[in-house]
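The values are calculated or read from the model by the stated rules, or taken from the named source; none is laboratory data. Nothing here was measured: the structure is a model prediction, and the numbers come from that model. Note that each Cβ is placed from the backbone with ideal geometry, even for glycine, and that neighbours are counted across all protein chains shown. We work out accessible area using only protein heavy atoms, side chains counted, and drop any ligands, DNA or RNA first. Shrake-Rupley method; radii C 1.70, N 1.55, O 1.52, S 1.80 Å.
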Amino acid sequence: MSTPTIELLCHHRSIRAYTPEPVSDEQIELILTAAQAVSSSNFLQCTSIIRVTDTELRSKLAVLAGNQPYVTQAPEFWVFCADLNRHKQLVPQVELGKAEQLLVGCVDTAIMAQNAVVAAESLGLGCVYIGGIRGQIEQVTTLLNLPKYVLPLFGVCIGHPAQHPDIKPRLPKAAMFFENHYQPIQKSLIDEYNTTMANYYQQRSSNQKVSGWSDTIEKILNSVKRDTMLDYLHQQGWINK
Ligand SMILES: Cc1cc2nc3c(=O)[nH]c(=O)nc-3n(C[C@H](O)[C@H](O)[C@H](O)COP(=O)(O)O)c2cc1C
């Protein structure tokens with residue numbers, strides 16, 4: 001038997017157009033409370049959220065994110081950061097710069113954001129993650145005055161939906177859910193999924209295209225170069241070696 005929570009989760013779709021209606025203070029408070037309720041690795045609570053209300057700052061972030069207009073248009077735009085700076089201030093002798101700490105920060109921050117997104121969706125709001133801010137992460141860091149050990153992972157736009165996009169079909173479960181050991185891909189399953197995605201892309205209400213799923217992988221993986229990321233992580237203290 002399904003539950004209202006499962007129904008909500010399964011009806012997720014990213015929302016990229018919003019009505020002008022603001023997200024109320026009460027809704028913001030509820031979303032934040034739900035976000036903070038998330039599990040935290042070793043209870044380090046290593047996430048900070050920057051709520052960007054300054055319109056000029058928003059416009060600059062929208063450009064840095066690759067000209068994504070909804071970053072400016074959304075009533076709310078929150079930048080989720082992995083944050084060990086708080087810990088460094090409290091305990092200056094702590095040794096940072098270990099890869100595992102970076103993973104902890106990213107995992108904690110991502111799951112907190114997803115709590116926020118689910119909470120927002122449960123209030124009838126719509127959201128979209130904006131990983132595009134990592135495209136020019138150095139400038140984003142400067143704009144938001146982020147010190148060392150604060151890593152802006154993605155933004156989240158939140159607002160009242162002004163669009164109702166179709167739900168995007170996911171991989172067949174058998175292609176991603178394995179028992180005991182990892183399994184190589186089953187080509188027939190992926191072929192079937194490519195057909196499903198091709199139908200979806202051709203029939204969806206906007207931005208139709210002729211494409212399956214696997215033919216997009218190369219283009220996407222190769223376009224996400226972000227060649228300066230390793231240098232950036234060194235400079236910001238996340239990786240020592
Ligand atoms: C970490 C992360 C970063 C994302 N960054 C962007 C982004 O910069 N711009 C955008 O339009 N969508 C972005 N998305 C949304 C994905 O494109 C979207 O979740 C995916 O296509 C599946 O569609 P759905 O969310 O409607 O189910 C991002 C999603 C995640 C999880």
query = So between Ser40 and Met1, what do we pick up on full extension, going 0.36 nm a residue minus the alpha carbon distance?
reply = 11.1 nm
inquiry  = If you scale each eigenvalue of the Cα gyration tensor by 5 and take the root, what three semi-axes come out for the chain, rounded to whole angstrom and sorted largest first?
reply    = 30, 24, 20
key: Paramagnetic reach from Gln139 (point 7 Å along Cα→Cβ, amide N under 11 Å) across the stretch 37-66   = 60-66
inquiry  = Quick check: pseudo-label points 7 Å beyond the Cα along Cα→Cβ at Ser59 and His234, how many nm apart are they?
reply    = 3.7 nm
query = With all protein chains present, how much of the accessible area of the chain (probe radius 1.4 Å) comes from carbon and sulfur, to the nearest whole percent?
reply = 56 percent
ask   = Check Tyr18: other-chain or 5+ apart residues with amide H under 5 Å from its amide H, H built from backbone geometry?
value = Ala162
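To the nearest 20 debye, what charge dipole does the stretch 97-241 have about its Cα centre, counting +1 at the Cβ of each Lys and Arg and -1 at the Cβ of each Asp and Glu? Let's see the in-between values first.
Working: 13 positive and 12 negative charges, 31 e Å.
With Lys and Arg at +1 and Asp and Glu at -1, about 140 debye.
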inquiry  = Could you tell me how far the Cα centroid of the stretch 174-211 sits from the Cα centroid of the stretch 1-74, in Å?
reply    = 28 Å
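Quick one: dipole size for the stretch 2-156, taken about the Cα centre, charges +1 on Lys/Arg Cβ and -1 on Asp/Glu Cβ, in debye to the nearest 20.
Roughly 460 debye, rounded to the nearest 20.
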request  = Just name one of Ala17, Pro75, Asn85: the one whose Cα is farthest towards the positive end of the charge dipole of the stretch 6-90 (beta-carbon charges, Lys/Arg +1, Asp/Glu -1).
outcome  = Asn85
message = Can you compute the modelled spin-label distance between Ala175 and Thr196, with each label point 7 Å from Cα toward Cβ, in nm?
response = 0.8 nm
note = Expressed in nanometres to one decimal, the distance between label points 7 Å along Cα→Cβ at Ser214 and Val107 is 3.1 nm
message = How much accessible area per residue does the chain have, counting only protein heavy atoms and a probe of 1.4 Å, in square angstrom?
response = 60 Å²
ask   = Summing +1 for each Lys or Arg and -1 for each Asp or Glu, what net charge is found among the other residues whose Cβ lies under 12 Å from the Cβ of Ile137?
value = -1
key: Convex hull volume per residue for the stretch 141-241, taking Cα atoms only, in Å³   = 204 Å³
